[in-house]
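Trainee: Below is the structure I would like to discuss, written out as structure tokens.
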Amino acid sequence: MNIQTLNNYFYQYGGIVIFVIVFLEYMNIPGMPSGIIMPLAGIWASKGGIGFLPALLLSIAAGVCGSWVLYFIGRFGGSLVLKKYVQKFPKQKAFIDQAVDRIRSKGYLAIFIGKLIPTIRTLISIPAGVLQMDFARYTLFSALGIMVWNLAFVGAGYLFGESVLQIFR
């Protein structure tokens, strides 16, 4: 999928495209990175396709929902998933153990900060589920981190237009 195709989807289907694409992106499903998706949503909002606040809120809701899917994968099957993953990629074991230990020691602050770091922001939800963190507090700290991340990217697209895509590529 390229930028023009994504842009066409925005114009054809409206805000639901923001939700679906951001939802998939937060589940770490390969496709367009957030550095392109989010600014495009902001650009689309600046051109009157949708308001800035609705675009931002849709992206936050999608991010939270995508994070919930990974959280519940972690909660109800994550130990098995992580075990299989480490068997397939044994060099990642130290990284995964470190992430789990960091979440154990830093708690919900680790979730908030993790949502601000590329790649980690999507994957941190699985260990949070494995550790069976309180779902309401997990959701709150995830939503706060997602809001900061999405505000930066959607806001950049809204304020700076298409030139921002050159920066994030």
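Bear in mind these aren't lab numbers, they're just calculated from the coordinates by the rules spelled out. Here the structure is a predicted model, which is why all the values come from computation and not from measurement. Cβ atoms come from the backbone with ideal geometry, glycine included; neighbour counts cover every protein chain shown.
Trainee: Calculate how steeply helix 93-106 sits against the longest principal axis of the alpha-carbon atoms of the chain, using the helix alpha-carbon long axis, and give the answer as 0 to 90 degrees to the nearest 10.
Mentor: Rounded to the nearest ten degrees, it is 80.
Trainee: Between 0 and 90 degrees, rounded to the nearest ten: what's the tilt of helix 52-88 against the longest Cα principal axis of the chain?
Mentor: Around 30 degrees separate the two axes.
Trainee: Between S67, S46, S105, find the one with the highest GNM mean-square fluctuation for the chain; connect C-alpha pairs within less than 10 Å.
Mentor: Of S67, S46, S105, the most mobile in the Gaussian network model is S105.
Trainee: If you stretched the chain out fully between F89 and K106, how much longer would it get, using 0.36 nm times the residue separation minus the C-alpha to C-alpha distance?
Mentor: Answer, rounded to one decimal: 3.5 nm.
Trainee: Quick check: pseudo-label points 7 Å beyond the Cα along Cα→Cβ at I120 and V148, how many nm apart are they?
Mentor: Between I120 and V148, the simple spin-label model gives 1.1 nm.
Trainee: With each pseudo-label sitting 7 Å past Cα toward Cβ, what's the L159-R137 distance in nm, one decimal?
Mentor: If labels sit at L159 and R137, their model points lie 3.3 nm apart.
Trainee: Excluding A61 itself, calculate the net charge of residues whose Cβ lies under 15 Å from the Cβ of A61, where each Lys or Arg counts +1 and each Asp or Glu counts -1.
Mentor: Computed value for this residue: 0.
Trainee: Mind grabbing the base-10 log of I(q)/I(0) for the chain at q = 0.08, 0.12, 0.14, 0.19 Å⁻¹? Debye formula, identical points on the C-alpha positions, no solvent, two decimal places.
Mentor: Calculated log10 I(q)/I(0) at the listed q: -0.25, -0.54, -0.71, -1.11.
Trainee: Moving on to the next point. If you take every residue apart from I73 with its C-beta less than 14 Å away from the C-beta of I73, what net charge results, scoring Lys and Arg +1 and Asp and Glu -1?
Mentor: So the environment of I73 carries a net charge of +3.
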